[in-house]
Amino acid sequence: MKTLLAALTGWCLGALVPAMAQTTEQVSPCIAHTTKNNAHVHIVKVDLSCPSIQLVGTAVGTAPTTVKNFAYRNRLNVAINASFFDPQYRPQGLVISDGQRWSNTRDTRQHAFLACTAENRCLIDAPNHTAKVNAEWHTVIAGWQNLRSGTYICARGASASCYSNARAAHPRTSVGLSPDRRWLYIIVVEGRLTGFEGFTLNQLARLYRSLGVRDAINLDGGSSTTLVINNTRMNVLPSRQLFLERSVANQFGVRDTSAR
């Protein structure tokens, strides 16, 4: 009986290993990519103290395109989809690229954003806050819910959709900053797959907390969720998309010139 119990225990522990295992690869001298949860969760860690790191947003006036096209055109090491957008492909919230503000974009209490200067001094907008544009901001991408200290935050007076989106499991795209603002984290979660629906926003917020990140924001997700590293899409798209990457209004990317 003890032998059988030991064998069963060993089998059970062995079965858990793939789900718990994580792998890390160095994308460039200043960028690392880690996968978890059977490679359904992707964590990109960028060292903003590296002078070779450049943060890139979609150029003003660029037509909607895929993340992979954006990455290729801009010779990026990492690229993701960015802001939520309306049916006319107008990004929601404040968007700034190369120091130029997208027309008709602005911060609201309902939105959150990541803002970075050309020197990669970055901040994440506080919840329930409407910000004025800082002339030093070089790249800004907007999100919806804040992810703070292990939980999601919808702004005061937010619509019911803010909460329903947060509580359901979906594919997710997000960005966060370490407390000292040295490290930029990009987390992309796959979903709508057989056996893996994705993350709720509380799950995503808890993952950031486990990394020591207090402040992050949720970007557009669902069928928009895409992570491209060195011109290769890393995430599996939802089953119904049949490998077709969605065009989005704007994107965000990282270039490490030391890797060239």
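Any read-out appearing in this document is the output of simple, stated calculations on the displayed coordinates, not a laboratory observation. None of the values given here were measured: they were computed from a predicted structure. Note that we place each Cβ from the backbone using ideal geometry, even for glycine, and neighbour counts take in every protein chain shown.
Which one, ILE31, TRP102, THR130, is farthest towards the positive end of the dipole of the chain when Lys and Arg carry +1 and Asp and Glu -1 on their Cβ?
Comparing the listed Cα positions along the dipole, THR130 ranks first.
Positive end of the dipole of the chain, charges at C-beta (+1 Lys, Arg; -1 Asp, Glu), about the Cα centre: which of TYR89, HIS40, TYR152 has its Cα farthest in that direction?
Value computed over the given set: TYR152.
When a footprinting reagent is the concern and you count Cβ atoms within 10 Å, what order do SER52, SER83, SER103 take, fewest first?
SER103, SER52, SER83
What order do you get for GLU197, GLU136 when you list them from fewest to most C-beta neighbours inside 10 Å?
Result, fewest neighbours first: GLU136, GLU197.
Please rank ASP180, ASP47, ASP98, fewest neighbouring Cβ atoms within 10 Å first, as an exposure proxy. Mind showing how you got there, number by number?
Details: ASP180 9, ASP47 17, ASP98 12.
The most exposed by this proxy come first: ASP180, ASP98, ASP47.
Provide the descending list of Cα extents for the range 53-122 along its principal axes, expressed in whole angstroms.
Answer, in whole Å and largest first: 32, 30, 17 Å.
Among ALA205, ALA166, ALA63, determine the one that fluctuates most according to a GNM of the chain built with springs between C-alpha atoms less than 10 Å apart.
ALA63
Over what distance in Å are the Cα centres of the range 32-90 and the range 201-260 separated?
A separation of 7 Å, based on Cα centres.
Using Cα pairs under 8 angstrom and six or more residues apart, how large is the relative contact order of the range 22-259, in percent?
With pairs under 8 Å counted, the relative contact order is 29 percent.
Could you work out Rg/(2.2 N^0.38 Å) for the chain, with Rg from alpha carbons only?
It is 1.02.
Would you be so kind as to identify which of LEU193, GLY221, SER210 lies farthest towards the positive end of the dipole of the range 180-221, taking Lys and Arg as +1 and Asp and Glu as -1 on Cβ and the Cα centre as origin?
Final value for the positive-end residue is SER210.
Treating only the Cβ atoms of Lys and Arg (+1) and Asp and Glu (-1) as charged, compute the dipole magnitude of the chain about its Cα centre; round to the nearest 20 debye.
Result for the chain is approximately 280 debye, rounded to the nearest 20.
Using a Cα-Cα cut-off of under 16 Å, which aspartates and glutamates could be cross-linked to LYS36, ignoring same-chain neighbours fewer than 8 residues away?
GLU25, GLU190, GLU197
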